[in-house]
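Values quoted throughout were computed directly from the atomic coordinates according to the rules given, and no laboratory measurement underlies them. Bear in mind that the values here come from a model prediction, so they are computed numbers and not experimental data. Cβ sites come from the backbone with ideal geometry, for glycine too, and all protein chains shown count toward neighbours.
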Amino acid sequence: MNIRPRRNRMKPFLRDLLSECSVSANDLISPYFLLPPHEKKSPILSMPGQYRYPLKDLLDKLSELVPIGLKGIALFPCVPEDKKNVKATESYNPNHFYQIAIKEIKAKFPDLLIMTDVALDPYSSQGHDGLVDELTGEILNDETIEILVKMSIVQAQSGADLIGPSDMMDGRIGAIRKGLDLAGFSNTAIISYCAKYASHFYGPFRDALDSTPKIGDKKTYQMNYSNRTEAFKELVLDQTEGADIVMVKPGISYLDIVRDFKERSQLPVAAYNVSGEYAMVKAAHEKKWINGPMVMHEMLTSFKRAGCDIILSYFTEEFLKDEFFV
Ligand code: PBG
């Protein structure tokens, strides 16, 4: 045999030198769940190691992680039930605790990227990402967009760096881009949840926010997980409408779409390593059925191998703290 692929695998230094991709702190954004200031930090049971934080505790957490390389966070508000309503009006209240937190985090950590969430579900008493027609139960696209634009502007005013529409309404990227530009925020970027699938991997996230839809599901706006071509259609639209970064969500079961986006688009590609993916690793590790930290590393690397520029992952903190990986 003159060709022996195993020769390149014989020594650790060779394996390291020949490694085609790797994960670093520069690839990761950590999602956080934010409570109103008077509430106490509380664990999310279906996501071991993850908490809902009031601002004070979140600032402490960031003081710990920014010096060891944390580059960005994605913030999601846990809105108390009595502040939710059918029109999701708290979503664009400039004095809402979410906006105040963005301002304070930005003031304390000017070099940390803050990504926001733009969708109605945390603020909607019905738990949907859009407004619900009272009579038919239909999710109203164009009426929802008006609110999403208001939300985006308020978030940009608070100092957000990256606006993250996660709602999947048609035409929202273009409308938000136009709204931001008219309000003087032409430098505020948009990361579009471009191919967001209707997924059961979101279960623990909905526990965290108590945002499970009260009636029906999200299948009239989030995509059918059987579909690939439909993702290209969304990609073309979001590019044309002015997205700066396109995201695929969930991550692990959708890395084929990440690869497709990387090959078809000049935009940076992100993926969301979602709550259910995190929960599965944690649960199997607790049962001692897998080695959690090693599986985490393999998972994050597979995002890079597929072509991701950015990974949103609940593993970020663990990754930053694990000396084995840094
Ligand atoms: C909703 C939203 C969801 C996630 C992020 N934004 C859930 C949903 O669509 O119901 C899920 C993230 C995760 O599971 O980690 N706008």
Exercise. Hey, what did the range 120-245 get for relative contact order, percent, Cα under 8 Å, at least 6 apart?
Worked result: 28
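Let me know the charge dipole size of the range 101-187 about its Cα centre in debye, to the nearest 20, where only the beta-carbon of Lys, Arg (+1) and Asp, Glu (-1) is charged. Let's see the in-between values first.
On the way: 7 positive and 15 negative charges, 119 e Å.
For this selection, approximately 580 debye.
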Problem set entry | Virtual paramagnetic centre 7 Å along Cα→Cβ of Ser19, amide N under 14 Å, in the range 70-88 | none
For this session: Let me know the charge dipole size of the chain about its Cα centre in debye, to the nearest 20, where only the beta-carbon of Lys, Arg (+1) and Asp, Glu (-1) is charged.
Result: 1300
For this session: Output the relative contact order of the range 270-326, whole-number percent, from Cα pairs under 8 angstrom with separation of 6+ residues.
Result: 48
Seminar exercise, completed: Farthest towards the positive end of the dipole of the chain, among Asn95, Met115, Gly130 and with Cβ unit charges of +1 on Lys and Arg and -1 on Asp and Glu, lies the Cα of Met115
Exercise. Hey, in the GNM for the chain with a 10 angstrom Cα cutoff, which one of Phe13, Phe201, Phe303 fluctuates hardest?
Worked result: Phe13
Exercise. If you wrap a convex hull around the Cα atoms of the range 136-256, how much volume per residue is inside, in Å³?
Worked result: 121
For this session: Assign unit charges at the C-beta atoms only (+1 for Lys and Arg, -1 for Asp and Glu), then state the dipole size of the range 2-146 relative to its Cα centre in Debye, rounded to the nearest 20.
Result: 1480
Exercise. Phe232 versus His200, label points 7 Å from Cα toward the beta carbon: distance in nm?
Worked result: 3.0
Problem set entry | Dipole axis of the chain (+1 Lys, Arg; -1 Asp, Glu on Cβ), positive-most option in Asn85, Ile105, Ile3 | Ile3
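Using the Kirkwood radius over C-alpha pairs as Rh, can you work out the diffusion coefficient of the chain via Stokes-Einstein at 25 °C, viscosity 0.890 mPa s, in µm² per second? Each step should come with its number before you reach the end.
Values: Rh = 20.4 Å.
Here the translational diffusion coefficient equals 120 µm²/s.
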Exercise. Quick one: if you stick a label point 7 Å off each Cα along the C-beta vector at Lys11 and Thr220, how many nm between them?
Worked result: 6.4
Problem set entry | Whole-Hz ³J(HN,Hα) from phi, Karplus 6.51 cos²θ - 1.76 cosθ + 1.60, for the range 118-127, glycine and proline x | 10, 5, 8, 3, x, 10, 9, 5, 9, x
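Just want to confirm a number: the relative contact order over the chain, from Cα pairs under 8 angstrom separated by 6+ residues, in percent.
Working: 578 pairs, mean separation 59.6, N = 326.
Worked out over the chain, it gives 18 percent.
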